[in-house]
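None of the figures in this text is laboratory data; all of them are computed from the coordinates on show. No experiment lies behind these values; they were computed from the predicted model shown. All Cβ positions, glycine included, derive from the backbone under ideal geometry; neighbour counts span all protein chains shown.
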C-alpha cells in the first residue's frame, strides 16, 4: 500500500480494516481492498509486458513545506483535492484505457452517488477522442466484481440527472457487464473484458 | 498554478520566479513555466474536444493526517515521493500519449541527468505496448521548444549508460526533433508534431 494514513485522533478506531478482515476469504486475498487487488493486477500486467496501467497519485494542495538541513523536504500543511479525472489510466494494445474502481456494500444495486459529475464528464471527454473507458465495481458482500462499459454507465447517469433512478441494479451488471473472476495471476484479469470491448469497437 | 510552495526558511529567496520574469517576453507568456504553458495548451485541447491530456498529481507519501471537526482533513506530515512514471499522459486520436516536459538553462545541449532511469523505463514499457511517447524540452535562454520522440531519447540514454556522452546536443533536437512555435491557441501546438509521429507509425 502506497499511502499510510495513521489515525489522527485517538478516539478513531480503524473500522475499515476490521471490515476487510471479515470478508469471505474464499476468493481474493483476505483483507485486500479492490484498489490493492487492482494495483497487484496492474503490477503483473506491467512486469509481463502486457499493459502499462497505473493508479494516479491522490491530488494534494500543498500549503506549507519545510526544508530542514540534511533531510528531505517535509510537507507541514496540505489538503486533499478533488480529483478531476478517474483514478486509473494507461495503455493496452496501443489503446488508451481509463477507468475508476469502486466498492459498494450494497447487495442489490450500485448507488450512482459514488461517482462525481467531473469523473463522468472526464470519461465522456475521453470516449469522444477514442479512449476506452469503463468502471470496475466490487459488490463487497457478494464478493462479485464487474466491469461495466462507460457507455452503459452514462445511460444510467444521464437518466438520474433527468430524475431517473439513483442506482444501477445488480441485474444490469450481470446482463450488460463483464463479471471478473479472481485468478492467480493477474488477480483480477480485467483486460480479458477489455479485449471484448476492443473486438466490438 | 496548482501547487503552492511557500518558502519554508526565511533565508530562501524565490529565485525561480525572478528568473522567469527576466525571460524574453517576445514569445510565450511572460513568467510562465513550460509546465504552465503546457497545462494551458492541454486545457485548450480539452475544451475543444481535441484531446484529453493531464499532468499527473505529484506523488506524496502521507504520514500524518488530522481530522478537525467541521473542517477538511489536514495533512500535517508528508513527503515528496519519486514519480515512477512521466508527468503527462492522455488520449489523442484514440492513441495513448505519454510524455515528460523539461526546461534547461543550457544553450548547446540537454543534460540527460534531467531524466531518471525509471522515467525512461516507463516510456520503454509504454512504447512496447503501442503507446506514443516523447519528451518536450524547452531551452529557456534560446526560448526554443522541441518535441523529441522517445526512440531518439532512448538512443542517447542507452549510449550514456554505456559510457557515451551525457547530454543531447541542440543539433539533434534541430535535426531529429520537431520545433514547436508558440501561437495563440493552443499556446504550444505540440499535437501537430504528434500527428507527424502517428503518420509515420
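What to note about this one:
- Antiparallel content of DSSP bridges confined to segment B:17-199, in %, to 5: 80 percent
- Rounded to the nearest 5, the antiparallel percentage of DSSP beta bridges internal to the protein assembly as shown is 80%.
- Taking every residue in A:126-138 and counting other chain Cβ atoms within 10 Å of its Cβ, the average works out to 3.
- Short-range pairs are left out: with C-alpha atoms under 8 Å and at least six residues apart, the relative contact order of segment A:77-195 is 23 percent.
- Backbone N atoms of segment B:139-159 closer than 20 Å to the 7 Å Cα→Cβ label point of residue B:181 belong to residues B:139-148.
- Average partner coverage of B:66-79, which counts Cβ from other chains inside 10 Å: 5
- When residue B:48 is represented by a point 7 angstrom out along its Cα-to-C-beta vector, the spacings to that point in the other copies are 4.2 nm, nearest first.
- Number of partner chain Cβ atoms within 10 Å, mean per residue of A:97-105: 1
- Where only DSSP H runs of four or more residues are counted, chain A gives -9000 deg cm²/dmol as its mean residue ellipticity at 222 nm, each run worth -39500 (n - 2.57).
- Here the contact order of chain A, divided by its residue count and restricted to Cα pairs under 8 Å and six or more residues apart, works out to 17 percent.
- Between residue B:198 and residue B:151, the contour length at 0.36 nm per residue exceeds the Cα-Cα span by 15.6 nm.
- The modelled label-to-label distance between residue A:47 and residue B:76, using points 7 Å beyond Cα along the C-beta direction, is 3.7 nm.
- Helix axis angle, A:117-128 relative to chain A longest principal axis, alpha carbon, degrees: 60 degrees
- Relative to the 2.2 N^0.38 Å rule of thumb, chain B has a C-alpha radius of gyration ratio of 1.12.
- Exam field: residue A:67 pseudo-label spacings to other copies (7 Å along Cα-Cβ), nanometres: 3.5
- The protein assembly as shown gives an Rg/Rh value of 0.98, both radii derived from C-alpha positions and Rh following Kirkwood.
- Gaussian network model of chain B, springs between alpha carbon atoms under 10 Å - residue of B:77, B:175, B:161 with greatest fluctuation: B:77
- Sequence-separation-based contact order of segment A:56-122, relative, with Cα cut under 8 Å and 6+ spacing, percent: 25 percent
- For chain A, modelled as a GNM whose springs connect Cα atoms under 10 angstrom apart, the maximal fluctuation among A:127, A:35, A:117 occurs at A:117.
- Projecting 7 Å from Cα along the Cα-to-Cβ direction, the label point of residue A:82 sits 3.5 nm from its equivalents in the other copies, listed shortest first.
- The Cα center of segment A:85-143 and the Cα center of segment B:110-125 differ in position by 30 Å.
- Here the label points at residue B:106 and residue B:121, each 7 Å from Cα along the C-beta direction, are separated by 2.3 nm in the simple model.
- Listed residues B:176, B:74, B:61, most fluctuating in chain B (Gaussian network, C-alpha, under 10 Å): B:74
- Calculated FRET efficiency for the pair residue A:40/residue B:93, C-beta based, R₀ 25 Å, to 0.05: 0.20
- Calculated log₁₀ intensity ratio I(q)/I(0) where the Debye formula runs over C-alpha points of segment B:63-125, q = 0.20, 0.26, 0.28 Å⁻¹: -0.88, -1.10, -1.18
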